[in-house]
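One structure is given below, encoded as structure tokens.
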Amino acid sequence: MEVWKESEDYYPLNAKKVVNLREMNNERGHECGPIGVFDSGYGGLTILKEIRRLLPDYDYIYLGDNARAPYGPRSFDVVYRFTLEAVRYLFSRGCRLVILACNTASAKALRSIQQNDLPEIDPTRRVLGVIRPTVERLGELSANGNIGVLGTRGTVRSQSYDMEIAKLYPDFTTTSQACPMWVPLVENHEANDGGADYFVEKYLSELFAKKQDIDTVLLACTHFPILYPKIRERVREDVRVVCQGEIVAESLADYLRRHPEMESRCTRGGRCTYLTTENPEAFSSLARIFLDEPVEVGHIDL
């Protein structure tokens, strides 16, 4: 279970209280650090972009495990092991809070890390995912409860969205469609080319052939927002097309408001560090697709 709303207690945001908590943490030697954002590759940059747009004052470390991507075809055990290694690394860099900006990692590793590893590593740290906060918003977005989920093969096969939607909205119907060509199109700089039109049309046609009255389509892969314009053009006007970035950013802001004890341990300087397990130059080049700006990237080994 994700811990965006781990407690029913509501902590109103009080600037003075938060400042005092931060000072107390520093005086007591409690570690403060940046917010960690992890993805198996590049797609999580669409999540980070929206988080930084909404919460620009905080410090962030983005880690892409590009050397071992993609995670989708890998087993639950392997994804769990790789994700835990990344989380431990981000903790070693001072992060008290880590966002798994990866649908596959959220589906295959988050629960185990939250339940089995955090209590042993440090029960005051938190790891949050992207599936639960995304699903929570569907109730207010869908008028008829018919949800379409577009994702990678790994995310679709995991049925994570199907199960989470059924848990929160048992009357909803979920129809999923794997879109295996969309990530390669984005990463090969072909999202705006004519060749992408064929595969966008193909997977959307297959989705709506399964259920015509879908009124909300969720882009359940962090690469897919790059294809949003083409997707939007090819669905009915009354169909909502939902990207995760804005939802996750708003959920994080809400989480920090309700948990000033965690907010006080997140440093503020407006800085962002980018790290990859692969070639930094290649990462920097592709990052432009997702961020619309050049970035300096460091290399690490996990």
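The values are calculated or read from the model by the stated rules, or taken from the named source; none is laboratory data. Here the structure is a predicted model, which is why all the values come from computation and not from measurement. Positions of Cβ are backbone-derived with ideal geometry, glycine not excepted, and every protein chain shown enters the neighbour counts. The area values use the complete protein model at the heavy-atom level, side chains included, leaving out ligands, DNA and RNA. Shrake-Rupley method; radii C 1.70, N 1.55, O 1.52, S 1.80 Å.
What is the one condition in (1) assigned to a loop (DSSP other than H, G, I, E, B); (2) closer than 30 Å to residue 59 by Cβ that residue 183 does not satisfy?
(1)
Cβ-Cβ under 8 Å, sequence separation 6+ or interchain: first residue in segment 229-245 and closer than 10 Å to residue 216 by Cβ, partner basic (Lys, Arg). Which pairs?
Taking only residues 6 or more apart or on different chains, the pairs are 241/232; 242/137.
Can you go through 40, 75 and tell me which one is surrounded by fewer than 21 Cβ atoms within 10 Å (Cβ to Cβ) and either of a type outside the set (A, V, I, L, M, F, W, C) or closer than 18 Å to residue 287 by Cβ (or both)?
75
Can you pull out the residues in segment 116-137 that are touching a residue at least 12 places away in the same chain (Cβ under 8 Å), more than 16 Å from the chain's Cα centre (by Cα) and not in a loop (DSSP other than H, G, I, E, B)? So that I can check it myself, show each step before the final result.
Taking segment 116-137 first, the residues touching a residue at least 12 places away in the same chain (Cβ under 8 Å) are 117, 121-122, 124-137.
Filter once more, so that each one left must be more than 16 Å from the chain's Cα centre (by Cα): 117, 121-122, 124-125.
Within segment 116-137, 117, 121 meet the criteria.
Restricting to segment 140-153, name every residue that is touching a Phe, Trp or Tyr at 6+ places or on another chain (Cβ under 9 Å), of a type in the set (Gly, Ala, Ser) and open to solvent by 10 Å² or more (accessible area, probe 1.4 Å).
Hit for segment 140-153 is 142, nothing else.
Return only the number of the condition from (1) farther than 26 Å from residue 130 by Cα; (2) open to solvent by 60 Å² or more (accessible area, probe 1.4 Å) that residue 197 does not satisfy.
Of (1) farther than 26 Å from residue 130 by Cα; (2) open to solvent by 60 Å² or more (accessible area, probe 1.4 Å), only one is false for residue 197: (2).
Return yes when residue 121 is among the hydrophobic types (A, V, I, L, M, F, W, C), closer than 30 Å to residue 264 by Cβ and open to solvent by 10 Å² or more (accessible area, probe 1.4 Å) and no when it is not.
When the stated conditions are applied, residue 121 passes them.
Can you tell me which of (1) open to solvent by 70 Å² or more (accessible area, probe 1.4 Å); (2) at pLDDT 95 or above; (3) more than 19 Å from the chain's Cα centre (by Cα) is the one residue 228 doesn't meet?
(3)
Can you name every one of the helices (runs of 4 or more DSSP H) wholly within segment 24-108 that holds 3 or more residues which are within 22 Å of residue 163 (Cβ to Cβ)? I'd like the intermediate steps shown before the answer.
Values: elements: 44-54, 76-92, 103-108.
Helices (runs of 4 or more DSSP H) meeting the threshold: 76-92, 103-108.
Please name all residue pairs, on different chains or six or more residues apart, with Cβ atoms under 7 Å, provided the first residue is in segment 164-179 and is among the acidic types (Asp, Glu) and the second residue is in a loop (DSSP other than H, G, I, E, B).
Matching pairs, first to second residue: 171/145.
Which pairs do you get when a residue that is closer than 19 Å to residue 289 by Cβ, found in segment 213-228, comes within reach of a residue that is at pLDDT 95 or above and of a type in the set (D, E, K, R), reach meaning Cβ atoms under 8 angstrom, with the pair 6+ apart or on two chains?
222/39
Quick check: anything in segment 269-279 touching a Leu at 6+ places or on another chain (Cβ under 8 Å), of a type in the set (Ser, Thr, Tyr) and open to solvent by 40 Å² or more (accessible area, probe 1.4 Å)?
No, that holds for no residue.
Of the numbered conditions (1) open to solvent by 10 Å² or more (accessible area, probe 1.4 Å); (2) in contact with a Cys (Cβ under 7 Å, 6 or more places away or on another chain), residue 219 fails exactly one; give the number of that condition.
If we test residue 219 against (1) open to solvent by 10 Å² or more (accessible area, probe 1.4 Å); (2) in contact with a Cys (Cβ under 7 Å, 6 or more places away or on another chain), just (1) comes out false.
Any idea how many residues of segment 181-191 are without any contact (Cβ under 8 Å) to a residue 60 or more places away in the chain and either among the hydrophobic types (A, V, I, L, M, F, W, C) or surrounded by 15 or more Cβ atoms within 10 Å (Cβ to Cβ) (or both)?
The qualifying residues number 3.
Let me spell it out: the conditions are (1) in a loop (DSSP other than H, G, I, E, B); (2) open to solvent by less than 20 Å² (accessible area, probe 1.4 Å), and residue 203 meets all of them except one. Which number is the exception?
Result: residue 203 passes all but (1).
Do you know which of the residues in segment 156-180 that are of a type in the set (D, E, K, R) and out of contact with any helix residue (DSSP H, G or I) (no Cβ under 7 Å at 6 or more places or on another chain) is surrounded by the most Cβ atoms within 10 Å (Cβ to Cβ)? Lay out the reasoning, then the answer.
Residues of segment 156-180 of a type in the set (D, E, K, R): 157, 162, 164, 167, 171.
Restricting the remaining residues to those that are out of contact with any helix residue (DSSP H, G or I) (no Cβ under 7 Å at 6 or more places or on another chain) gives 157, 162, 167, 171.
Numbers: 157: 14, 162: 17, 167: 11, 171: 6.
By that ranking, first place goes to 162.
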